[in-house]
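Peer 1: Quick one: this structure, given as structure tokens, is what I'll be asking you about.
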Amino acid sequence: MNKTFPQVEVNGKATARTEVLPGEEGRAPLCCSRRGACLSAFLLLLLATLAALTALGAIFGTPPRTPVAQACVTLTNRTGFLCHDRRSCISASGVCDGISTCPHGEDEDEALCRDVPQSLPRFLVARCGDPVSWIYSDQRCDGTNNCGDCSDELTPVTACPPCGPGWWRCPSTFFKYCDCIPRRLCRDRVQHCSDWSDESSCPGP
């Protein structure tokens, strides 16, 4: 700090004499008279900047993170795809079917559908008896011959529960069904079971 001494007379004029303390030669004067005042001003500026950033985030929103595709269980107790809103659970077979079902259309996202089935999450895909063939995981054990060889309905490839109350078990069936048919097809005068039991023995719905 510079010290100011009493005035001295130079060329007939009174002038204040200033003495520079050792080690302070060449230093510029401080921007603030007090160090505490400088620190307070800096903190106020920092707080104002943070407040402005918070306000901008509230107005424009923070950039959304891309959620990882997750499995869920649909209302029909089937494997489903959880939409990014974390509330909508759509059927596995509704993914990459050309129709946007999720609120924001992520079930038809280009990255998800660019190379089906390789680009699909594993929980959406089920393999048939022929490893080249595949179906959506919610199509297993639905009573329908989705694989074409019934491997999605019958052992040893797929272990499915027995026919439910709305189904009739046949020794074998034709094309669309495997070992069970819907009871609504019983006694409709059309053969669905190879032994005609759907027309002779099935009590109907």
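The values are calculated or read from the model by the stated rules, or taken from the named source; none is laboratory data. Predicted, not measured: the structure shown is a model, and the values here were computed from it. Neighbour counts run over all protein chains shown; Cβ positions are idealised from the backbone, glycine included. Just the protein is used for accessible areas: all its heavy atoms, side chains included, with ligands, DNA and RNA removed. Shrake-Rupley method; radii C 1.70, N 1.55, O 1.52, S 1.80 Å.
Peer 1: Considering only residues of the range 75-96 that are more than 24 Å from GLN118 (Cβ to Cβ) and of a type in the set (Ser, Thr, Tyr), which is surrounded by the most Cβ atoms within 10 Å (Cβ to Cβ)?
Peer 2: To start, the set of residues in the range 75-96 that are more than 24 Å from GLN118 (Cβ to Cβ) comprises 75-77, 85-88.
Next, from what is left, pick out any that are of a type in the set (Ser, Thr, Tyr): 76, 88.
Details: THR76: 9, SER88: 17.
Only one residue fits best here, namely SER88.
Peer 1: On the given criteria, is PHE123 surrounded by fewer than 19 Cβ atoms within 10 Å (Cβ to Cβ) and touching a helix residue (DSSP H, G or I) at 6+ places or on another chain (Cβ under 7 Å)?
Peer 2: Working: surrounded by fewer than 19 Cβ atoms within 10 Å (Cβ to Cβ): yes; touching a helix residue (DSSP H, G or I) at 6+ places or on another chain (Cβ under 7 Å): yes.
Taking the combined requirement at face value, the residue satisfies it.
Peer 1: Next question. With the structure loaded, tell me whether GLY36 is surrounded by fewer than 16 Cβ atoms within 10 Å (Cβ to Cβ), at pLDDT below 75 and over 14 Å from the mean Cα position of the chain (by Cα) or whether it fails that test. Spell out the reasoning first.
Peer 2: Values: surrounded by fewer than 16 Cβ atoms within 10 Å (Cβ to Cβ): yes; at pLDDT below 75: yes; over 14 Å from the mean Cα position of the chain (by Cα): yes.
The answer is yes for GLY36.
Peer 1: Can I ask one more? When the range 152-187 is examined, which residues are found to be hydroxyl-bearing (Ser, Thr, Tyr), out of contact with any strand residue (DSSP E or B) (no Cβ under 7 Å at 6 or more places or on another chain) and surrounded by 13 or more Cβ atoms within 10 Å (Cβ to Cβ)?
Peer 2: Selection gives THR158 alone.
Peer 1: Could I ask something else about it? List the residue pairs whose Cβ atoms are under 6 Å apart, where the first residue sits in the range 186-200 and is under 11 Å from PHE174 (Cα atoms), the second is modelled with pLDDT of 90 or more, and the two are 6 or more positions apart or on different chains.
Peer 2: HIS192/ILE181; HIS192/LEU185; HIS192/ASP198
Peer 1: Within 43 Å of the chain's Cα centre (by Cα) and either open to solvent by 50 Å² or more (accessible area, probe 1.4 Å) or of a type outside the set (A, V, I, L, M, F, W, C) (or both): does that describe VAL190?
Peer 2: Spelling it out, it is not the case that VAL190 is within 43 Å of the chain's Cα centre (by Cα) and either open to solvent by 50 Å² or more (accessible area, probe 1.4 Å) or of a type outside the set (A, V, I, L, M, F, W, C) (or both).
Peer 1: Out of (1) over 27 Å from CYS178 (Cα atoms); (2) surrounded by 15 or more Cβ atoms within 10 Å (Cβ to Cβ); (3) out of contact with any Phe, Trp or Tyr (no Cβ under 8 Å at 6 or more places or on another chain), what's the single condition that is false for ILE99?
Peer 2: Every condition holds for ILE99 apart from (2).
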